[in-house]
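One structure is given below, encoded as structure tokens.
The values are calculated or read from the model by the stated rules, or taken from the named source; none is laboratory data. Bear in mind the structure is a predicted one, so any value in this text is a computation, not a measurement. All Cβ positions, even for glycine, are placed from backbone atoms using ideal geometry, and neighbour counts span all protein chains on display.
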Amino acid sequence: MADKRNLKLGRRDFLRVAGLGAGAAAVATIAKPTTVKAGSQGAKFTDPAGRVNRPWWVRTVDQPTTEIDWNVMQRYNERMGTVRGPGMAGYVGQEEVDRLEAAAAKNELQRMIDNVDGYTLKDQALAEAHVALGWSFLGPQKAPTPEERGMPKWTGTPEEASKIIRAAMRHFGAATVGFIELDENTRKLIYAVDPDGKDMIFTDDAVATETDDARYIPNSCKYVISYTVQMSQETMRRCPTPLAQQTTQLAYKRGQDIQASTQEFVRGLGYQCLGESSTNALAISPALAVLAGLGEMSRLNRLITPEFGPMVRVFHLLIDLPVAVDKPIDAGIMEFCKRCKKCAEACPSESLSFETEPTWETQGGWNNPGHKAYFENAVTCRAYWREVAGTNCGICFAVCPFAKKDKAWVHEWVKASGSMVPALDSFFRTMDDAFGYGVQASAEEWWGLDLPEFGIDTTMSVREG
Amino acid sequence: MSDKMTIAIRKRSWIEWSGWAIWFVGILLIVQNAIGSAQELEPRAALILWVSLAVWLLAGLVVWFVRKDR
């Protein structure tokens, strides 16, 4: 008799536990993200250099997943790019550049008049709201130095230096921070000419200087800080609109702020910290970030990180404070790109490569040879920006399967499975489409969303040690 | 009059319990991802997962109904 009752109760208990468990899971999921991650409450770093805990499927490797031929690689003249300087005019002629700019201006006004979703006056106003505070190669130089305080400069091990810089930069707003040491090869990633036309010259001088024609980098400033700043995925999925592209501008603005604060912080320790003199100046950001283990190159020919996908802008600084350097990673991202091609299919100007394997062959002067990549056609991309979109595009970023939030656990399973079993990549790409990811969202709807600060989740890279 | 009665006790095998445990874990995972997808403002993904949950629950009920008297 007792056994029979127990058996019945066992079944009931089982169903009750099932119900309670499902309810608990639902409640835990509904809870705000800031309350579910212990790391966000101030868990201690377990790494002596303060490295964040990466997902288990992110492997540290000796060589990056992008092949590099350092014998071919040369220091790049950033004025050859298509976004700033005379680069675009050099490829298509000034007349065509003027025509594209006129088309952009005409479209901008007409779309405001027509109230086109994402192009309305309020969208345009938001896009123009991010006033640049000012980049600086040498930094603000306002913070007192140890010498001015009557103190010796800060000293510590390279690991301790990395740890405090990471902590400070994360506090300033950086998403992830990595370090490399420049050598004969990696020095080629520092521009030969900055976007404003100034020569970038390495020198034996002890102190960095800047003239009307050149910026002088002391050879002692051989440590690179590479860092990312999150963009808002929820905003970028409204691209290509002024509303969506302003998350890029906001990230650049925050990057500027982080740069200035870091320059002052390092100055306060008694060392030099050289920054970007304008957006994307000083060095090739994605390359440094790859070497510092922040992410991998991709079919976008941009950085994709394990934590945020492509939803980051990448920045860098040079310092003369010895730090513990990082190694590249392999999270299966480059392998995934070989099979996915979703960005290339979505690109309206067909500027991205459809080739399965990356190549050494560049598309034009806007690419720097010496690495095996999916080189893009920056001229057709740029022309689409101005002539059709009337703003930065960003579709390739928005549709990328790595551009996900982390509320649903399935994204982590997919990234882990793809990293360990690349044969599943095509299946995951198909499912990404089936689940409706990457579809453009309404810009008007965005104004009614209750998004967190900057439209980003700052706990996404925080993991318990 | 005798009140004696016979009770037949059938002990479920560990394989059967394991099957129900997997079914239950499946419920948790689908619910988590459905709610997570809704939080991510991904309505299509959330809808697919809620439908998947219904199918998963129904499958469990059917199996339980078919096997309950065995």
Unmet requirement for A:THR279, which otherwise passes all of (1) in contact (Cβ under 8 Å) with a residue 40 or more places away in the chain; (2) farther than 27 Å from A:PRO328 by Cβ; (3) surrounded by fewer than 21 Cβ atoms within 10 Å (Cβ to Cβ): (2)
Qualifying helices (runs of 4 or more DSSP H) (wholly inside segment A:72-139; at least 3 residues being of a type in the set (Gly, Ala, Ser)): A:87-92, A:94-114
Residues of segment A:233-266 that turn out to be within 14 Å of chain B (Cβ to nearest Cβ) and either crowded, with 23+ Cβ neighbours inside 10 Å or within 24 Å of A:VAL323 (Cα to Cα) (or both), as a count: 5
Residue list for segment A:193-222, restricted to those being at negative phi, part of a loop (DSSP other than H, G, I, E, B), exposed (fewer than 15 other Cβ atoms within 10 Å of the Cβ) and not β-branched (Val, Ile, Thr): A:ASP196, A:ASP204, A:ASP205, A:ALA206, A:ASP212, A:ASP213, A:ASN219
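Kindly check whether there is at least one residue in segment A:368-375 that is in contact with a Leu (Cβ under 8 Å, 6 or more places away or on another chain) and more than 14 Å from every other protein chain (Cβ to nearest Cβ).
First pass over segment A:368-375, keeping only residues in contact with a Leu (Cβ under 8 Å, 6 or more places away or on another chain): A:374.
Now narrow it down to the ones that are more than 14 Å from every other protein chain (Cβ to nearest Cβ): A:374.
Scanning segment A:368-375, I find at least one residue that is in contact with a Leu (Cβ under 8 Å, 6 or more places away or on another chain) and more than 14 Å from every other protein chain (Cβ to nearest Cβ), so the answer is yes.
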Residue match in segment A:378-399 (condition: within 14 Å of chain B (Cβ to nearest Cβ), modelled with pLDDT of 95 or more and assigned to a loop (DSSP other than H, G, I, E, B)): no
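Each row is one residue, and each column tells you yes or no for (1) in contact with a Lys or Arg (Cβ under 9 Å, 6 or more places away or on another chain); (2) within 23 Å of A:GLN230 (Cα to Cα).
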{"residue": "A:ASN367", "(1), (2)": "no, no"}
{"residue": "A:HIS371", "(1), (2)": "no, no"}
{"residue": "A:GLU387", "(1), (2)": "yes, no"}
{"residue": "A:PHE397", "(1), (2)": "yes, yes"}
{"residue": "A:ALA403", "(1), (2)": "yes, yes"}
{"residue": "A:ASP406", "(1), (2)": "no, yes"}
{"residue": "A:TRP413", "(1), (2)": "no, yes"}
{"residue": "A:ALA416", "(1), (2)": "no, yes"}
{"residue": "A:VAL421", "(1), (2)": "no, no"}
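With B:ARG70, B:ARG10 as the choices, which residue is assigned to a loop (DSSP other than H, G, I, E, B), facing chain A (nearest Cβ under 9 Å) and loosely packed, with under 11 Cβ neighbours inside 10 Å?
Working: B:ARG70 fails: facing chain A (nearest Cβ under 9 Å).
From the options B:ARG70, B:ARG10, the qualifying one is B:ARG10.
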Segment A:416-443, residues that are within 14 Å of chain B (Cβ to nearest Cβ) and among the charged types (D, E, K, R): A:ASP432, A:ASP433
